[in-house]
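The values are calculated or read from the model by the stated rules, or taken from the named source; none is laboratory data. Everything numeric here is computed off the predicted structure, so don't read it as measured data. Here the Cβ positions follow ideal geometry from the backbone for every residue, glycine too, while neighbour counts run over all protein chains shown.
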Amino acid sequence: MKRLFMIAAIALATSISSVAFGASPQAGAAQQKPTVAAVYDHLISNVEKEVVDAADAMPDDKFNFVPSGPGDFKGVRTFALQVKHIATVNYMLGAALLGEKPPVDVSNENGPANITSKADVMKYLKDSFAYAHKSAAGLNENNLVEQIKAPWGDRPVTRLTLVTIMISHPYDHYGQMVEYLRMNSIIPPASRGQ
């Protein structure tokens with residue numbers, strides 16, 4: 001929990017400064033303080049770009065790639081399952097933040113079994129980030145540390161905890177996606193031209 005709080009604090013501080021300094025105030029107008037919702041929306045956009053671009057970079061015929069060879073890869077997620085898992089967790093967390101039932105079946109952490117083609121997985125992923133943005137829109141200074149029902153178990157959590165997981169969790173799987181891309185001689189989009 002202490003680690004999550006530190007990640008959240010760093011993310012919030014970084015975002016506030018990037019949103020604040022990234023805005024171009026109108027001539028003579030005072031720069032407005034960024035909102036909590038705007039800060040988290042910006043962070044979700046950052047992870048969304050990384051994940052969606054990486055997912056899109058994997059060709060259709062390699063979308064179900066799973067590592068093999070030296071090492072123990074038994075039972076690891078395919079590339080497509082990494083992407084579907086990110087999307088499913090986005091839906092779980094977003095629904096908890098909004099206090100509503102998820103708009104998709106989240107009973108399997110790897111997403112619905114009927115979503116298999118690259119096109120369908122990409123739509124599922126993009127739609128999950130749209131839902132994440134919707135859930136962040138309701139965040140404010142007054143409700144960020146309010147206790148709400150977690151999407152798992154019975155223990156309450158804060159909105160801050162859930163939105164922090166929403167931002168950090170995809171990066172865990174993004175790292176695996178990058179490895180899968182490189183194992184297929186594909187340079188991840190974020191690494192191109194650097």
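Can you tell me which residue within the stretch 137-191, out of those that are among the hydroxyl-bearing types (S, T, Y) and under 30 Å from A57 (Cα atoms), is farthest from the chain's Cα centre (by Cα)?
My answer is S185.
Output the number of the condition that A87 fails; it satisfies all remaining conditions of (1) over 13 Å from V121 (Cα atoms); (2) in a helix (DSSP H, G or I); (3) touching a Ser or Thr at 6+ places or on another chain (Cβ under 6 Å).
(1)
Just wondering, is there one or more residues in the stretch 136-155 that are within 16 Å of E50 (Cα to Cα), at pLDDT below 95 and not in a helix (DSSP H, G or I)?
There is no residue in the stretch 136-155 that is within 16 Å of E50 (Cα to Cα), at pLDDT below 95 and not in a helix (DSSP H, G or I).
Surrounded by fewer than 17 Cβ atoms within 10 Å (Cβ to Cβ) and of a type in the set (A, V, I, L, M, F, W, C): which single residue out of V89, V76, V52, V83 fits that description?
Values: V89 fails: surrounded by fewer than 17 Cβ atoms within 10 Å (Cβ to Cβ); V52 fails: surrounded by fewer than 17 Cβ atoms within 10 Å (Cβ to Cβ); V83 fails: surrounded by fewer than 17 Cβ atoms within 10 Å (Cβ to Cβ).
Just a single option satisfies the conditions, and that option is V76.
Would you pick out the residues in the stretch 29-84 that are hydroxyl-bearing (S, T, Y) and in a helix (DSSP H, G or I)?
We begin by selecting, within the stretch 29-84, every residue hydroxyl-bearing (S, T, Y); these are 35, 40, 45, 68, 78.
Scanning the stretch 29-84 gives Y40, S45.
In the stretch 172-189, how many residues are closer than 16 Å to L43 by Cβ and either surrounded by fewer than 16 Cβ atoms within 10 Å (Cβ to Cβ) or out of contact with any helix residue (DSSP H, G or I) (no Cβ under 8 Å at 6 or more places or on another chain) (or both)?
1
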